[in-house]
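Worksheet: one structure, shown below.
The values are calculated or read from the model by the stated rules, or taken from the named source; none is laboratory data. Computed from a prediction, not measured in an experiment: that's the story for all the values here. Because the Cβ atoms are built from the backbone with ideal geometry, glycine has one as well, and the counts that use them run over all protein chains shown.
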Amino acid sequence: MSFNEIIGNNENKQFLISTIKNEKVVHSYLFFGTDGIGKKMFATQFAKMILCNDKLQEKPCNKCKACMEFNSGNNPDFFLVEPEGNSIKINQVRQLMKTTLEKPIESSKKVYIINNADTMTKEAQNGILKTLEEPQEYVVIILIASSENNILTTIKSRCTKLYFNNLSNDEIKQYINKKLNINVYDDEIVKLCNGSIAKAEEVMQKQDLLEKVKHFIANIEKISKLNFIRQSQLLNDNKEDVLLILEYIYIILFYRAKRVTNINGYINAMKVVQEAINKLAISNNFDMTIDYMLIKIWEEINEKNNRG
């Protein structure tokens, strides 16, 4: 893989490539932005380029020993830390920092990626701080976080920060079409991905379910209230995906509101869906919440149509 194969955030690509070519790699970076938009792919590619022994190209050579070991997951100068459970703990950081005292084996640098760095406990963050304050000349640490708010200010002040934007709808389409080899033309499906590669992969796995959801929402003005409420069975059978389903219903209503005369009815129906999402986040009363939502959606759209 090369940076050119990663979709989105082109300015960050050019910055990182330029950093390598001009030999201006610094000791610590903070990559932050929404989950699932490719930060870890960027960090991994950047690490591979740093460790590659041929720095003249815009991508790793894949021929030197460092590259071959990286590709096989055995490069002794590369370290990846992931949370244990819900957080990265002090013991993980202590073990990691011990290795920074040992010089590189294959490359001129040692690269450490700490994924989900915003889950580090305060003790773990304090543990890494000393290394950031007095880094070995060959150490490069890349912190990856969904938000910088949970990272200590003393750590952030020692990092070069790169913010990663959500992918555009066109970039999401490109990812789905090229990387997942699926042709997608539905703007509502693309919108549901919310600019996230990880979300796009989840959404594509649920295509059949989402198609059923779209079908019953599309027919809301053609069926009786009773038949519409019966659609609750589809949601009951897919409780593990209910938040994704409700988010999709919200988006469908949003797009339909642009094409109908009963705009207020659809806008009110969107509010009803959002209220259901909020309720499910704090309540276990699934059946009542879903049934009430379906009733209110139907009423907002059809009764206002009848009055109009």
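Can you tell me which residue among ALA66, ALA145 is more than 27 Å from THR34 (Cβ to Cβ), among the aliphatic types (A, V, I, L, M) and either in contact with a strand residue (DSSP E or B) (Cβ under 6 Å, 6 or more places away or on another chain) or assigned by TED's automatic domain parsing to the domain that holds ALA43 (or both)?
ALA66
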Subset of segment 63-73 that is more than 28 Å from the chain's Cα centre (by Cα) and surrounded by fewer than 16 Cβ atoms within 10 Å (Cβ to Cβ) - its residue that is nearest to GLU106 (Cα to Cα): LYS65
Per-region count, segment 111-165, residues under 19 Å from the mean Cα position of the chain (by Cα) and assigned to a loop (DSSP other than H, G, I, E, B): 10
Top-ranked residue of segment 237-266 - restricted to ones that are more than 19 Å from the chain's Cα centre (by Cα) and of a type in the set (Ser, Thr, Tyr), ranked as farthest from ASP208 (Cα to Cα): THR261
Number of the condition not met by ALA47 [criteria: (1) closer than 30 Å to LEU192 by Cβ; (2) of a type outside the set (Val, Ile, Thr); (3) touching a Phe, Trp or Tyr at 6+ places or on another chain (Cβ under 7 Å)]: (1)
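Each row is one residue, and each column tells you yes or no for (1) under 15 Å from GLU300 (Cα atoms); (2) basic (Lys, Arg); (3) assigned by TED's automatic domain parsing to the domain that holds GLU303.
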site: GLN174; (1), (2), (3): no, no, no
site: GLY195; (1), (2), (3): no, no, no
site: PHE216; (1), (2), (3): no, no, yes
site: GLU240; (1), (2), (3): no, no, yes
site: ILE251; (1), (2), (3): no, no, yes
site: ARG256; (1), (2), (3): yes, yes, yes
Helices (runs of 4 or more DSSP H) wholly inside segment 215-308 that include at least 2 residues being hydrophobic (A, V, I, L, M, F, W, C), without any contact (Cβ under 8 Å) to a residue 40 or more places away in the chain and surrounded by 15 or more Cβ atoms within 10 Å (Cβ to Cβ): 242-257, 263-282
Qualifying positions in segment 178-202 - at positive phi and either assigned to a helix (DSSP H, G or I) or under 18 Å from the mean Cα position of the chain (by Cα) (or both): ASN194, GLY195
Sole residue being out of contact with any Asp or Glu (no Cβ under 6 Å at 6 or more places or on another chain), without any contact (Cβ under 8 Å) to a residue 12 or more places away in the chain and not β-branched (Val, Ile, Thr), chosen from LYS89, LYS24: LYS24
Test result for LYS13, closer than 25 Å to TYR175 by Cα, modelled with pLDDT of 95 or more and surrounded by fewer than 21 Cβ atoms within 10 Å (Cβ to Cβ): no
Tally, over segment 76-95, of residues that are under 20 Å from LYS39 (Cβ atoms) and assigned to a loop (DSSP other than H, G, I, E, B): 3
Criterion: surrounded by 14 or more Cβ atoms within 10 Å (Cβ to Cβ) and touching a Gly at 6+ places or on another chain (Cβ under 7 Å) - qualifying residue of ILE50, ILE20, ILE6, ILE88: ILE6
Conditions (1) more than 22 Å from LYS39 (Cα to Cα); (2) touching a residue at least 60 places away in the same chain (Cβ under 8 Å); (3) among the basic types (Lys, Arg); number of the one not met by LYS156: (1)
